[in-house]
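Okay, structure first, notes after.
Here, each number is a calculation from the coordinates, and none is a lab measurement. Quick caveat, the model's predicted, so the values are computed rather than measured. Virtual Cβ from ideal backbone geometry, glycine too; neighbours counted across all protein chains shown.
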Amino acid sequence: MSEQRRSGDDHDIAPGDEQAGRDEPGSGVTGYVVGLVLAAGLTAASFLVLTTDLVWQPAIPAALIALAIAQMGVHLVFFLHITTGPDNTNNVLALAFGVLVVALVLLGSMWIMAHLSHEPMPMDEAMKRFR
Amino acid sequence: MSAPAAAHPRDPYQLGRGHEQGEGQSQATGRGEGGPASKRVITAYGFWIFLLSDFVVFAGFFAAYAVLRDQTAGGPSIRDVVDPSRIAWQTALLLLSSFTAGLGSLAAAKGKLWLTEAALLVTGLLGFGFLALEFGEFAIMIGEGAGPERSAFLSSFFALVGCHGLHVAAGLLWLGTMMAQLWAKGFRADIGRRLLCFNLFWHALDIIWVAIFTMVYLMGMVA
């Protein structure tokens, strides 16, 4: 029994705490083994997608991204014990905000820079602005 | 624990039930009688917020890499510098180290000192192997004239992968400190909280590696 359980705090669970999974499939040694097998399988699948022609060639990047997001989900659930349980509300909300900022920074930069390289500012206009 | 909490195990915050008895008598954490959350929850939650902000830092490096990927200035492209077998080994080592770190936290929850120390040691050795492979890759690249000063692509590559490597190196220092503190001080409450935060950190590094592995290396082999 962990310190947290002894303290009688039933309403919140620390991210990563072993007690988190008491009602979840991702608890105990089983949880880590399942997580390891799933993560290794998804990694192997990424390599397979890349080295064989199982997936239609132009769809390979999309398949790789899907597999990577799936593996991140496996890590979150089985290793970091982030669950959808009511005692995890705060952890999930913080994660959601983190994902939002990461997506904004990443996709926003790529979007803007792709536009800039497709439609560069005319040179005389650029000189006028930078003067 | 209190009767209301036991009566509503699926609604520990007693959302929508708080007004029946008034906020003052509510047993939910953070309300009335419930009092503040335990120190373990607060510490780990704060560390979780730090990890998420670390992800935001990495998002900046990822964005720089995504934007500069094709700016090779006539030098080597990502296709020329990827070594698939090295990447596969690095991925396997880091994933296994995340697994053994998890086993270590289970052993710590059961209060088994030797098992925890052994799991931490294996975790550290696997992490060290990962770092050695990464240094090898960097050394080969710099030796071939593909150092960070060669092109914008290589600058962003070294910044992103190197930042992750730096995190792993810091994690190894932390891991050594945790082994020594566990040995000297045993399973005290504060040591337990530090160990919990270390495990969070180590698992988070593996999540970032999944992103690097896919976005930098595998995508590099596609192009």
> When only C-alpha pairs under 8 Å and at least 6 residues apart count, what is the relative contact order of segment B:39-222, in percent?
Replying inline: 34 percent
>> Exposed loop sites here are trypsin sites (Lys or Arg not before Pro) in DSSP loop states with at most 14 other C-beta atoms within 10 Å. What is the longest stretch of chain B lacking them?
In response: B:18-109
>> Taking the beta-carbon count within 10 Å as an exposure proxy, list A:D124, A:D12, B:D80 from fewest neighbours to most.
In response: A:D124, B:D80, A:D12
> Using helices alone, what [θ] at 222 nm do you get for the protein assembly as shown, with -39,500 (n - 2.57) per DSSP H run of 4 or more residues, divided over all residues and rounded to the nearest 500?
Replying inline: -23000 deg cm²/dmol
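Give me B:I142, A:I60 ranked fewest to most by other Cβ atoms within 10 Å of their Cβ, as a rough exposure proxy.
Sorted ascending by nearby Cβ count, the order is B:I142, A:I60.
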> Among the lysines, which have Cα under 24 Å from the Cα of B:K112 when same-chain residues fewer than 8 positions away are ignored?
Replying inline: B:K39, B:K185
>> With just the Cα atoms defining each centre, how far is segment A:60-128 from segment B:134-172? Give it in Å.
In response: 23 Å
> Under a plain spin-label model, where a point goes 7 Å from the Cα along Cα-to-Cβ, how far apart in nm are B:E33 and A:Q57?
Replying inline: 7.0 nm
